[in-house]
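S.K.: Sharing a structure here in structure tokens format.
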Amino acid sequence: MRVVVRTLSELCITVGTLICLFVVYVLFWTGVRADGAMNHQIDVLHDQWSKQTARPKSTAGATGASSAAPAPPAPYVAGKPFAIMYIPRLGFTWNKPVLENTAVSTLKKGLGHYAHTARLGQVGNFAVAGHRRTYGDPFVDFPRLRPGDAVVLTDGTTWFTYRIDKGPYKTVPTDVEVIDPVPRKSGYTRAGRYLTLTTCDPEWGHSHRLIVWAHLDSTQPVEEGEPAALRR
Amino acid sequence: MYGWIWRHLPGNVWVRALIALALVLLVVYVLFQYVFPWAEPLLPFNDVTVDNQ
């Protein structure tokens, strides 16, 4: 009898410790890992971009005017970063890598670009998903976004400044129309260069989604420095 | 359970405590490295897309 009670209580303590450890893992450790992973993705991008900008300069010197026609942009590679997003409203130091596709493993390393939506800056809807909670909490302050806020992205050659027009808009997880090329409830009526951000709502749940829509406001080459929206 | 493990560890009290500590750390490592990453997607925090891909 004593052995049974002792084993049972030991089991209860073990399960309790396990649950506590799991909470620590979800709340704390996923953030630590994600911060490291996101910084690594951003480093990868900066590496790529510094190589890219170094190459045209050296070839331009050798071939002269023949390098005037820009090469067609490379397709996005699944699970690989291709841009960095800045949202001043979420914090002046807030910047996250944007990776191709929205797989669970991709979203652990940054924001995910819906693979079948438009490319950055192109006509259509550039749609991006991100974690609200866990894995670095990238979109934890999502409800603070307001119309007029800037969403700035760079792909290494161009700065894209989007302005939020509508949101945060709450919808259900099956509402795939929100990432259509012309999202129905966004108020847009014509084709244009749009951006959609999605995350989960409520903070720790998955019953709804929060959406914001933005349109492309301006672009400028990286050589001209940061866009006005990022200057303090 | 824990008493059984304790009795089967070799050495004196200090050696046993050291081995026990190492075992605990090993268990925590396995949990954080393999078990929790597997269990975490079963929770709803990963559902941030509208098309459930």
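The values are calculated or read from the model by the stated rules, or taken from the named source; none is laboratory data. The model shown is predicted, which means the values in this text are computed figures rather than measured ones. Positions of Cβ are backbone-derived with ideal geometry, glycine not excepted, and every protein chain shown enters the neighbour counts. These area figures cover heavy atoms from the full protein model, side chains too; ligands, DNA and RNA do not enter into them. Shrake-Rupley method; radii C 1.70, N 1.55, O 1.52, S 1.80 Å.
S.K.: For the stretch A:194-203, state whether one or more residues are on the phi < 0 side of the Ramachandran plot, of a type outside the set (Lys, Arg), open to solvent by less than 50 Å² (accessible area, probe 1.4 Å) and assigned to a loop (DSSP other than H, G, I, E, B).
M.R.: no
S.K.: Quick one: A:GLY167 ticks every box in (1) in a strand (DSSP E or B); (2) modelled with pLDDT of 90 or more; (3) open to solvent by less than 40 Å² (accessible area, probe 1.4 Å) bar one, so which box is it?
M.R.: (2)
S.K.: Hey, another quick one. Considering only the stretch A:210-222, I want to know if a residue exists there that is assigned to a loop (DSSP other than H, G, I, E, B) and either under 19 Å from the mean Cα position of the chain (by Cα) or of a type outside the set (Phe, Trp, Tyr) (or both).
M.R.: Looking for residues that are assigned to a loop (DSSP other than H, G, I, E, B) and either under 19 Å from the mean Cα position of the chain (by Cα) or of a type outside the set (Phe, Trp, Tyr) (or both), one finds none in the stretch A:210-222, hence no.
S.K.: Right, something else. Check whether at least one residue in the stretch A:76-94 is more than 13 Å from the chain's Cα centre (by Cα), within 14 Å of chain B (Cβ to nearest Cβ) and part of a loop (DSSP other than H, G, I, E, B), and report yes or no.
M.R.: No: the stretch A:76-94 contains no residue that is more than 13 Å from the chain's Cα centre (by Cα), within 14 Å of chain B (Cβ to nearest Cβ) and part of a loop (DSSP other than H, G, I, E, B).
S.K.: Here is a further query. Would it be correct to say that B:VAL48 is open to solvent by less than 100 Å² (accessible area, probe 1.4 Å) and touching a His at 6+ places or on another chain (Cβ under 9 Å)?
M.R.: Against the criterion (open to solvent by less than 100 Å² (accessible area, probe 1.4 Å) and touching a His at 6+ places or on another chain (Cβ under 9 Å)), B:VAL48 qualifies.
Yes/no per residue for (1) aliphatic (A, V, I, L, M); (2) within 28 Å of A:VAL44 (Cα to Cα); (3) more than 10 Å from chain B (Cβ to nearest Cβ):
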| position | (1), (2), (3) |
| --- | --- |
| A:TRP159 | no, yes, yes |
| A:PRO173 | no, no, no |
| A:GLU177 | no, no, no |
| A:SER186 | no, no, yes |
| A:THR189 | no, no, yes |
| A:THR196 | no, yes, no |
| A:TRP204 | no, no, no |
| A:SER207 | no, no, no |
| A:LEU210 | yes, no, no |
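S.K.: Hey, another quick one. Mind listing whichever residues of the stretch A:135-179 are farther than 19 Å from A:LEU111 by Cα and free of Cβ contacts under 8 Å to residues at least 24 places away in the same chain?
M.R.: Answer for the stretch A:135-179, where residues must be farther than 19 Å from A:LEU111 by Cα and free of Cβ contacts under 8 Å to residues at least 24 places away in the same chain: A:PRO147, A:GLY148, A:THR174, A:GLU177.
S.K.: Which residue, of A:PHE92, A:PHE139, is in contact with a Cys (Cβ under 9 Å, 6 or more places away or on another chain) and of a type in the set (A, V, I, L, M, F, W, C)?
M.R.: Residue meeting the stated conditions: A:PHE139.
S.K.: Based on this model, can you work out whether A:LYS109 counts as under 23 Å from A:GLY205 (Cα atoms) and more than 10 Å from every other protein chain (Cβ to nearest Cβ)?
M.R.: yes
S.K.: Still on this structure, please answer the following. List the number of the failed condition for B:GLU40; all other conditions in (1) at pLDDT below 90; (2) open to solvent by 80 Å² or more (accessible area, probe 1.4 Å); (3) assigned to a helix (DSSP H, G or I) hold.
M.R.: Among (1) at pLDDT below 90; (2) open to solvent by 80 Å² or more (accessible area, probe 1.4 Å); (3) assigned to a helix (DSSP H, G or I), B:GLU40 violates only (2).
S.K.: Which pairs turn up if I take residues in the stretch A:1-23 that are at the interface with chain B (Cβ under 10 Å from one of its Cβ atoms) and look for partners that are outside any helix (DSSP H, G or I) with beta carbon separation below 7 Å, at least 6 apart in sequence or on another chain?
M.R.: A:THR7/B:MET1; A:GLU10/B:MET1
S.K.: Oh, and also: Checking B:ILE19 against (1) assigned to a loop (DSSP other than H, G, I, E, B); (2) surrounded by 14 or more Cβ atoms within 10 Å (Cβ to Cβ), which test does it fail?
M.R.: (1)
S.K.: Next up: Could you tell me whether any residue of the stretch A:178-193 is assigned to a strand (DSSP E or B) and either within 18 Å of the chain's Cα centre (by Cα) or more than 18 Å from A:MET85 (Cβ to Cβ) (or both)?
M.R.: Within the stretch A:178-193, one or more residues are assigned to a strand (DSSP E or B) and either within 18 Å of the chain's Cα centre (by Cα) or more than 18 Å from A:MET85 (Cβ to Cβ) (or both).
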